[in-house]
Amino acid sequence: MKTQQCFSCGAREGMRHFEGRGETLSVKGMERRVDDLSGWECQQCGEVEWDPDSAERYGEAGDALVIAARQMIGAEMKRIRRKLHLTQKETVQLLSGGGHNAFSRYERGEVLPPKALMLPMRLLDRYPRLKFVSVESGMGWIPFLLELAAYQVGQNGVTHLRLTPLEYFQ
C-alpha cells in the first residue's frame, strides 16, 4: 500500500493512495457525478489530494456546475423581470441602484447577482403587487464615516483643513 506524509496535518504515512472512487458534486440542487477518481486521502484528518487527471476532471465538473447555476439564476431573474413588465434599466432603478450593464451580466449568467438583489426579486415574483419602502432607519453609519474621514486626513497628510472632520460635522 502506497503511503506518504499528509500535507495538511503532518501525519507520517497518513496519506494512503486510492483509485476508482466516485464523487458527486452539488450546487443549487444540481448534481454532477465524477467517477474513477484517484488520489491520496489522509487517514487522520480526511484531507484528499487528487491525482493530476482526477483533479482536472473534478475541477471541470465543479466549474460546469457553477456556470449552470449562474445561468439558472440569470434565467430566473429575467423571468421575474419580464413577469413584472420591467426593463433592465427600470429594474436596476427600482431594486439595486447599480448599472443596467451589470444587470445584463447577471441575466446572462456571467456573474452571480448579490443576494441583496435576489431577495427582493423573489419577493416580487411571489407577491407582484407588494409595495415597500427602503429607508435608512438610523444614523449608526455616521460615526464610522467620521472615523474613516479622520483616518484618511491623517494618512494622506491633509494640512489645508482648519478643523477635523468631526469638528466640521458638529
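The table below gives the values:
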read-out	value
Probe 1.4 Å, protein heavy atoms only - accessible area per residue of the chain in square angstrom	72
The range 111-170 - convex hull of alpha carbons, volume per residue in Å³	150
In the range 34-122, trypsin sites (Lys or Arg not before Pro) in a DSSP loop with at most 15 other beta-carbon atoms within 10 Å	Arg108
Relative contact order [Cα under 8 Å, 6+ residues apart], the range 52-140, whole percent	32
Leu148/Arg105 FRET efficiency (R0 45 Å; Cβ-Cβ; nearest 0.05)	0.90
Cα-only Debye scattering, the chain: base-10 log of I(q)/I(0) at q = 0.12, 0.17 Å⁻¹	-0.83, -0.98
Rounded, prolate or oblate (a/c below 1.5 giving rounded, otherwise prolate when a/b exceeds b/c) for the range 1-53 by Cα gyration tensor	prolate
Given 16 as the ceiling on other Cβ atoms within 10 Å, longest exposed-site-free region of the chain for GluC sites (Glu not before Pro) in DSSP loops	48-109
C-alpha center-to-center spacing [the range 19-49, the range 100-146] in angstrom	36
Nearby lysines by direct alpha-carbon distance to Lys78 (threshold 19 angstrom, same-chain neighbours under 8 apart not counted)	Lys28, Lys89, Lys115
The chain, relative contact order [Cα under 8 Å, separation at least 6], %	13
FRET efficiency estimate (nearest 0.05) - Cβ-Cβ, Cys9 to Glu31, R0 25 angstrom	0.25
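The values are calculated or read from the model by the stated rules, or taken from the named source; none is laboratory data. All values derive from a computational prediction rather than experimental measurement. Every residue, glycine among them, receives a Cβ derived from its backbone with ideal geometry; neighbour counts consider all protein chains shown. Side chains are part of the model used for accessible areas, which takes the heavy atoms of the whole protein and leaves out ligands, DNA and RNA. Shrake-Rupley method; radii C 1.70, N 1.55, O 1.52, S 1.80 Å.
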